[in-house]
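Working notes, structure below.
All of the numbers you see were taken from the coordinates with simple rules; none came from a lab. Since the model is a prediction, treat every value here as computed from it, not as a measurement. Backbone-built Cβ (ideal geometry, glycine too); neighbour counts: all protein chains shown.
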Amino acid sequence: MIWTLWVGILASLIGYVSAADAVQYRDPDTGLTFSQNFGLYKADGRGITFRVAIPSGVGQYTPYDAVVQIVVPNDVGWGGLAWNGGMTKNPLLTFWRGSNNAPILSSRWANGHSTPTTYTGATYTLYKTGTKSNSTHWQFTALCQGCTSWTADGGATRYLSTRGGNRLAFAYSPSRPASNTNAALQVHEVHGYWSHDFVQASNDNWDAAIGRLQT
């Protein structure tokens, strides 16, 4: 799978979203504070909303859990989130709806520009709280363990900073995979990058807040 741009005009629209475009979002369902960015995949303004929440007080070189909340238009077949701003050698979250329209979250990893394989180093716990749908969009909320640190080439550990922006990336495809987490993925049509502000994603009393969410 090659993460290719859809068309040249879309490349100029979605190729990079600056940290200045991030907004802070207080979710009424979960009570969490998220940092939010928007990934545009259609020139008519359609896009996927990406939200990240993290605990406060995390040291600079410390792994930590994160909550990801993603709002997805119904025409998306599958979408992807790359935690290190590119397809290769970092945790990937791919997501789509199954045959019963329930969210399917698949943790993947790619060593090259080919179909990502299952990755056990990052796991996702889907919450009922903050997961919903309507006539135009669906949304899921999940705890990720193993997304904010991973082993890079050479054996060094890579950490996402809690003190500023982290380069993230997304992918969009109109083709829906089969209803299982190991399903094959069709080549995506659009990808984009942005710097996601993790400072705005900080949450006090993290354990208590997470403990209130229903799985």
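For Cα pairs less than 8 Å apart in space and 6+ apart in sequence, what is the mean separation divided by the residue count of region 8-211, i.e. the relative contact order in percent?
RCO, region 8-211: 28 percent.
Could you tell me the calculated FRET efficiency between T117 and Q60, based on Cβ-Cβ distance and R0 = 35 angstrom, to the nearest 0.05?
0.70
Sequence neighbours fewer than 8 away in the same chain don't count; with that in mind, list the lysines whose C-alpha is under 29 Å from K89.
Correct list for K89: K42.
Through the Karplus equation 6.51 cos²θ - 1.76 cosθ + 1.60, θ set to phi - 60°, convert the phi angles of region 173-184 into ³J(HN,Hα) values in whole Hz; use x for Gly and Pro.
3J(HN,Hα) across region 173-184, in whole Hz: 9, x, 8, 8, x, 5, 8, 8, 5, 9, 4, 5.
Compute, for region 36-193, the length of the dipole vector about the Cα centre, with Cβ point charges of +1 (Lys, Arg) and -1 (Asp, Glu) only. Units Debye, rounded to 20.
Its charge dipole is roughly 160 debye.
Net charge near A82: determine it from the other residues with C-beta under 13 Å of the C-beta of A82, scoring Lys and Arg +1 and Asp and Glu -1.
Around A82, the surrounding residues sum to +4.
Please list, ordered by chain and number, the residues whose modelled amide H lies under 5 Å from the amide H of H196; skip anything fewer than 5 residues away on the same chain.
For H196, the qualifying residues are N166, R167, L168.
Please arrange S195, S173 by counting, for each residue, the other beta carbons lying within 10 Å of its beta carbon, fewest first.
Least crowded to most crowded, the residues run S195, S173.
Along the positive direction of the dipole of the chain (beta-carbon charges: Lys, Arg +1; Asp, Glu -1; about the Cα centre), which of N90, Y61, T120 reaches farthest?
T120
Only loop residues by DSSP count here, and only those with at most 15 other Cβ atoms within 10 Å; note down the trypsin sites (Lys or Arg not before Pro) in region 134-198 that meet that.
Here the trypsin sites (Lys or Arg not before Pro) that fit, given the DSSP loop and packing criteria, are R163.
In deg cm²/dmol and to the nearest 500, what is the mean residue ellipticity at 222 nm of the chain if only DSSP H runs of at least 4 residues count, each as -39500 (n - 2.57), divided by the residue total?
Roughly -1500 deg cm²/dmol at 222 nm, from the helical runs in the chain.
Within 10 Å of each residue's Cβ, count the other Cβ atoms and sort S175, S135, S149 from fewest upward.
S135, S175, S149
According to the Cα gyration tensor, what semi-axes, each the square root of 5 times an eigenvalue, does the equivalent ellipsoid of the chain have, listed from largest to smallest in whole Å?
Whole-Å semi-axes of the equivalent ellipsoid: 24, 20, 18.
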